[in-house]
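Here is the structure we will look at, set down as structure tokens.
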Amino acid sequence: MPPVSHATSESRGEDRWLLRFEVHLPCAYEGLWPALTTAEGLRGWLAAADVLERRLGGAVTLRWLNSGASDSGHITAWDVERVVEYTLAEHGRIRFHLEPVGTDSTVIRFLNEREGSHDDRLDSLAGWHHHFELLETSLGGHPADWSQWTDARWAQLRSSYASFART
């Protein structure tokens, strides 16, 4: 099974979506937790954490290094080495739930509940898919080099999700 497979999404009313990924990684959850909850870890695959108060209710501001866009909010769930949830103004609720599989692999059950058009949904599906690929690479010792980032892989994934959505 590939680490990142196509996500599912469902409508939650007009212009509101719930996106779900199940990501299988060959990494113990203790090694994965810092990638999701520390400034250094997040920078390797997702965004710069300009503010990150690592506790329930703590403030968070993420700045995407591929675009410069910034989004702020709060940590709305924090169960050490198991669940972290960021609720951001633009990106909505972003939840990572870790489940160990044996001693050396982990499943991330991810959801993103957000507002936006059908096109925004496709953009987000492609974006998260690409970021999870970057997470796998980062965990393998090769964090993202944001100075070399292009949108080629994102565009390929976006096209795939658009085709998938038509079926």
Taking the stretch 119-152 and keeping only residues that are in a helix (DSSP H, G or I) and either of a type in the set (D, E, K, R) or free of Cβ contacts under 8 Å to residues at least 12 places away in the same chain (or both), one is left with Asp119, Asp120, Arg121, Asp123, Glu133, Glu136, Ser147, Gln148, Ala152
For the stretch 68-86, does any single residue satisfy the condition of being at pLDDT 95 or above, within 13 Å of the chain's Cα centre (by Cα) and open to solvent by 70 Å² or more (accessible area, probe 1.4 Å)? no
Note: among Leu125, Leu157, Leu134, Leu111, just one is closer than 23 Å to Ser11 by Cβ, out of contact with any helix residue (DSSP H, G or I) (no Cβ under 8 Å at 6 or more places or on another chain) and among the aliphatic types (A, V, I, L, M), namely Leu111
Pull out all pairs, ordered by first then second residue, where Cβ-Cβ is under 8 Å, the residues are six or more apart or on different chains, the first lies in the stretch 85-102 and is closer than 16 Å to Leu46 by Cβ and charged (D, E, K, R), and the second is outside any strand (DSSP E or B) and open to solvent by 10 Å² or more (accessible area, probe 1.4 Å). Glu90/Ala69
Tell me, which residue of the stretch 29-45 that is more than 14 Å from Gly140 (Cβ to Cβ) and modelled with pLDDT under 95 is least open to solvent (accessible area, probe 1.4 Å)? Tyr29
Arg95 is checked against (1) surrounded by 14 or more Cβ atoms within 10 Å (Cβ to Cβ); (2) over 16 Å from the mean Cα position of the chain (by Cα); (3) closer than 22 Å to Trp33 by Cβ and fails just one. What number does that condition carry? (2)
Note on the stretch 99-136: residues surrounded by fewer than 14 Cβ atoms within 10 Å (Cβ to Cβ) and hydroxyl-bearing (Ser, Thr, Tyr) are Thr103, Ser117
Residue in the stretch 153-164 that is open to solvent by 70 Å² or more (accessible area, probe 1.4 Å), touching a residue at least 12 places away in the same chain (Cβ under 8 Å), more than 22 Å from Thr38 (Cα to Cα) and touching a Lys or Arg at 6+ places or on another chain (Cβ under 7 Å) present: no
Could you tell me which numbered condition Phe96 fails, if it satisfies all but one of (1) more than 22 Å from His74 (Cα to Cα); (2) touching a strand residue (DSSP E or B) at 6+ places or on another chain (Cβ under 9 Å)? (1)
Can you name the number of the only condition in (1) out of contact with any strand residue (DSSP E or B) (no Cβ under 9 Å at 6 or more places or on another chain); (2) open to solvent by 20 Å² or more (accessible area, probe 1.4 Å); (3) not basic (Lys, Arg) that Val51 fails? (1)
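The values are calculated or read from the model by the stated rules, or taken from the named source; none is laboratory data. As the structure is a computational prediction, the values presented were derived from the model and not from experiment. Backbone-built Cβ (ideal geometry, glycine too); neighbour counts: all protein chains shown. In case anyone asks, the SASA skips ligands and DNA or RNA and just uses the protein heavy atoms, side chains included. Shrake-Rupley method; radii C 1.70, N 1.55, O 1.52, S 1.80 Å.
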